[in-house]
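Below is one structure, written out as structure tokens, with a few remarks after it.
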Amino acid sequence: MQWKLSLLNENGFRKVFLFFQNLKDMDWGLKNRLSSIIKPQNNRALMLAVDHGYFLGPTEKLENPQKVIGPLLKYCDSLMVTRGVQRTSVSPNTSTPMVLRVSGGSSIIGDDLSQEDITVSIEDAIRLNASALAMSIFVGSKYEYQTVVNLGKLVNEATKYGIPVLAVTAVGKELGKDARYLSLACRMAAEQGANIVKTYYCENFEKVVQSCPVPIIVAGGKKIPERDALQLTYNSIKAGAVGVDIGRNVWQSEHPVAMIRAVRAIVHENSNVDQAFKLYNKLASEESKRKSNKPNQNKSNKPNQNKSNKPNQNKSNKPNQNKSNKPNQNKSNKPNQNKSNKPNQNKSNKPNQNKSNKPNTPKPTPAKK
Ligand code: R5P
């Protein structure tokens with residue numbers, strides 16, 4: 001009996017020990033996952049957002065996610081993605097961390113975009129080796145309660161496994177996009193336990209950052225001219241964001257790789273807007289030259305090698321119909337006329353006013369953990 005009791009005690013002790021050991025390990029896992037998203041060297045993050053299809057369907061220029069993601073993956077620190085696109089369009093050989101969107105349920109043509117629920121189980125997120133889970137909250141909307149409670153539930157689940165949660169403060173037609181509203185939404189997300197909050201840039205963005213106890217990452221928003229998007233990136237970091245979670249302003253650009261590299265120069269190399277835009281133009285023109293120098297590899301231009309000497313009936317002899325050679329008809333490249341999407345033009349908020357073109361070296365933002 002005595003022996004049995006001591007065994008039980010030992011097991012009990014072991015259980016408690018393992019529980020705390022696990023907690024410690026989970027803490028390590030959470031920290032480790034977070035550090036793959038926000039780089040500890042400089043507390044900066046460059047996330048590429050490609051999750052738009054979850055409510056927008058085949059968004060312009062993201063019709064083929066695999067083609068879009070492939071060349072960009074090595075330039076971002078992490079990829080924000082849905083499970084469907086991750087499984088079908090991202091190579092499992094990548095070492096880029098995945099920020100998995102786990103909410104959804106409504107479409108752009110449905111009744112109410114704010115009616116979202118959690119759609120991915122924690123088991124599936126673990127199977128997909130998610131480095132963080134992302135979901136939207138719709139503060140001030142009809143479904144505010146549902147989405148905020150869901151955030152709390154997601155944090156409960158994710159924390160068990162050491163997976164960080166990124167809360168997206170969604171904005172809509174009827175929802176505000178000013179510092180007052182965004183401070184409220186970001187703070188609520190952090191209070192529910194989100195480890196990172198993604199939100200939109202606005203005037204007086206410093207206020208939003210200062211009142212949010214966890215790191216803030218800024219969404220790119222609708223396509224705007226490249227220089228404006230770089231300015232937005234610069235302004236966001238200067239105001240205290242850890243970086244940008246940018247989508248359309250990269251892959252709807254005429255030169256996505258040049259654009260993500262220019263954004264990266266601001267996020268990770270402390271470039272100012274002039275320097276980054278110069279880099280964009282240089283890379284874009286190099287890319288254009290490469291394309292125009294490339295001999296047309298369309299087999300249709302090869303001399304007919306049909307040994308039979310019969311006239312080649314292969315349709316591929318039609319002139320190259322590769323759409324990529326057509327002039328860009330993308331309306332999104334027109335300068336954005338939506339004033340609300342224009343980066344802050346308040347001169348007092350413009351960061352780089354240094355006309356000398358000297359590299360701007362803003363002090364790294366201290367980590368919020
Ligand atoms: C919106 O909630 C989507 O999740 C996108 O990830 C987000 O809007 C960032 O992409 P973009 O830079 O295109 O706005």
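Does Ile163 meet the test of being within 16 Å of the ligand (Cβ to nearest atom) and under 19 Å from the mean Cα position of the chain (by Cα)?
So Ile163 fails the test.
Please enumerate the residues belonging to the stretch 231-242 that are within 22 Å of Gln41 (Cβ to Cβ) and within 17 Å of the chain's Cα centre (by Cα).
Correct list: Thr233, Tyr234, Ser236, Ile237, Ala241, Val242.
Going by the conditions given, is Ile137 more than 30 Å from Lys74 (Cβ to Cβ) and not polar (S, T, N, Q)?
yes
Give the stretch 218-240 a look and list any residue that's outside any helix (DSSP H, G or I) and away from the ligand (no atom under 13 Å from the Cβ), or say none.
Just the residues of the stretch 218-240 that are outside any helix (DSSP H, G or I), to begin with: 218-225, 239-240.
Hits for the stretch 218-240 are Pro225, Ala239, Gly240.
Which fully enclosed helices (runs of 4 or more DSSP H) of the stretch 245-319 have 1 or more residues being more than 25 Å from Glu63 (Cα to Cα), modelled with pLDDT of 95 or more and of a type outside the set (S, T, N, Q)?
On the way: elements: 248-251, 256-269, 273-293.
Answer list for the stretch 245-319: 256-269, 273-293.
Can you find, within the stretch 182-217, the residue that is farthest from the ligand (Cβ to nearest atom) among those that are over 19 Å from the mean Cα position of the chain (by Cα) and of a type in the set (Lys, Arg)?
Among them, the one singled out is Lys207.
Do you know which residues across the stretch 175-222 are out of contact with any helix residue (DSSP H, G or I) (no Cβ under 7 Å at 6 or more places or on another chain), under 20 Å from Val263 (Cα atoms) and among the charged types (D, E, K, R)?
Matches in the stretch 175-222: Lys198 only.
So which pairs qualify, if the first residue must be in the stretch 219-230 and touching a residue at least 24 places away in the same chain (Cβ under 8 Å) and under 12 Å from Gly247 (Cβ atoms), the second must be of a type in the set (Phe, Trp, Tyr) and near the ligand (Cβ under 9 Å from one of its atoms), the Cβ gap must be under 9 Å, and the two must be at least 6 apart or on different chains?
Listed by first residue and then by second, the contacts come to Ala219/Tyr200; Gly221/Tyr200.
Can you find even one residue in the stretch 93-112 that is in contact with a Leu (Cβ under 6 Å, 6 or more places away or on another chain) and at pLDDT below 95?
yes
Would you check which residues across the stretch 1-59 are modelled with pLDDT under 60 and polar (S, T, N, Q) and list them?
If the condition is that a residue be modelled with pLDDT under 60 and polar (S, T, N, Q), then Gln2, Ser6, Asn9, Asn11, Gln21, Asn22 are the ones that fit.
The values are calculated or read from the model by the stated rules, or taken from the named source; none is laboratory data. Because the structure is a prediction, the values reported are computed rather than measured. Every residue, glycine among them, receives a Cβ derived from its backbone with ideal geometry; neighbour counts consider all protein chains shown.
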